[in-house]
Amino acid sequence: MSPTRPWPQTPDGTSIQAPDPHHVPSQSPSPCESQAAERSQAAGEALPLSVVVLISGSGSNLQALIDGAASGYLPICIQAVIANVQEAYGLERARRADIRTQVLSHKAFVDREAFDAALMDLIDSFHPGLVVLAGFMRILTPGFVAHYRGRLLNIHPSLLPRYRGLHTHERALAAQEREHGATVHFVTAELDGGPAILQARVPVAADDDASRLAARVLVQEHRIYPQVVRWFAQGRLGLGSDGLPRLDGQALHQSLRLDLLTPDQLA
């Protein structure tokens, strides 16, 4: 834990104890690190990218990343899954995949800044090269976002910049949109306003309701999030000093579309 940050307090003035370092085993390799090190040494390949995933709920996008890593499609090692909700089912998904889990409840902290400071300390104990928000239902402070600039990704269930925030499917239907979808973007301090990287579009059917539309969008989320994480892990994707994403050295002035990707981009 950082010695320069005062540890936060609850509203009644009780000090919150730092997560026990014995329960954050960053000093020892995770199972995927050990396996990857053996494979990389044998094949002469680089070690996979260390990733921490933040969740609040079921973790279906987390599962897509777990499956991608297990299949070898994603050259990543998911070091830990951190949830702010004890009951988040994504924690069970992580445990089944032998991934370390941590719960840090925002309700234990006096304000958003205190929670984000503790969350940063916990994330940093795993030394990730990438932090992935996979249904993490928290508005992040500017300090948190700045700390992970260029290595913090989010997925949003709309074709940004349309329908930032919540209830995107209901809002798309109410507006009688002909197409809806999902967007993967770098995170900035502006809510759902970071530069878009990749979108998947879904036609809106005449008889759609929010649940049917959401289910079809979710299928596409499970395609585009692993694709973007793969680009990042391969060293092909980054965030330029001008705030624009760059893929294979080319600035993305607007989001790429999944259905229009070239074979080279999909490689």
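Convert each backbone phi in segment 129-137 into a coupling constant with the Karplus relation 6.51 cos²θ - 1.76 cosθ + 1.60 (shift: θ = phi - 60°), then list the ³J(HN,Hα) values in order as whole Hz, x for Gly and Pro.
Those phi angles translate into x, 8, 10, 10, 8, 10, x, 8, 8 Hz.
What order do Leu266, Leu65, Leu239 take when sorted by accessible area (1.4 Å probe), most exposed first?
Leu266, Leu239, Leu65
Give me a comma-separated list of calculated 3J(HN,Hα) values for segment 114-120, in order, Karplus coefficients 6.51, -1.76, 1.60 applied at θ = phi - 60°, integers in Hz, x for any Gly or Pro.
Using θ = phi - 60°, the values come out as 5, 5, 5, 5, 5, 5, 4 Hz.
How large is Rg/Rh for segment 170-215, to two decimals, with Cα atoms and a Kirkwood Rh? Intermediate results must be reported in sequence, preceding the final value.
Values: Rg = 12.4 Å, Rh = 11.8 Å.
Taking Rh as the inverse mean 1/r over Cα pairs, Rg/Rh reads 1.05.
Determine, from the Cβ-Cβ distance of Gln176 and Arg95 and an R0 of 41 Å, the FRET efficiency 1/(1 + (r/R0)^6), rounded to the nearest 0.05.
0.45
Determine the per residue accessible area of segment 116-267 with all protein chains present and a 1.4 angstrom probe, expressed in square angstrom.
Computed with neighbouring chains in place, this is 45 Å² per residue.
Mean shadow of segment 95-201, computed from the convex hull of its alpha carbons, in nm²?
Working: hull surface 32.6 nm².
Value for segment 95-201: 8.2 nm².
For segment 53-125, what is the Kirkwood hydrodynamic radius in Å, using each pair of distinct C-alpha atoms?
12.8
The values are calculated or read from the model by the stated rules, or taken from the named source; none is laboratory data. Note that the coordinates shown come from a computational prediction; the quantities given were computed from them, not determined experimentally. When we count neighbours, we look across all protein chains shown, and the Cβ atoms used for this are built from the backbone with ideal geometry, even at glycine. Please note that ligands, DNA and RNA were not included when accessible areas were found on the heavy atoms of the full protein model with its side chains. Shrake-Rupley method; radii C 1.70, N 1.55, O 1.52, S 1.80 Å.
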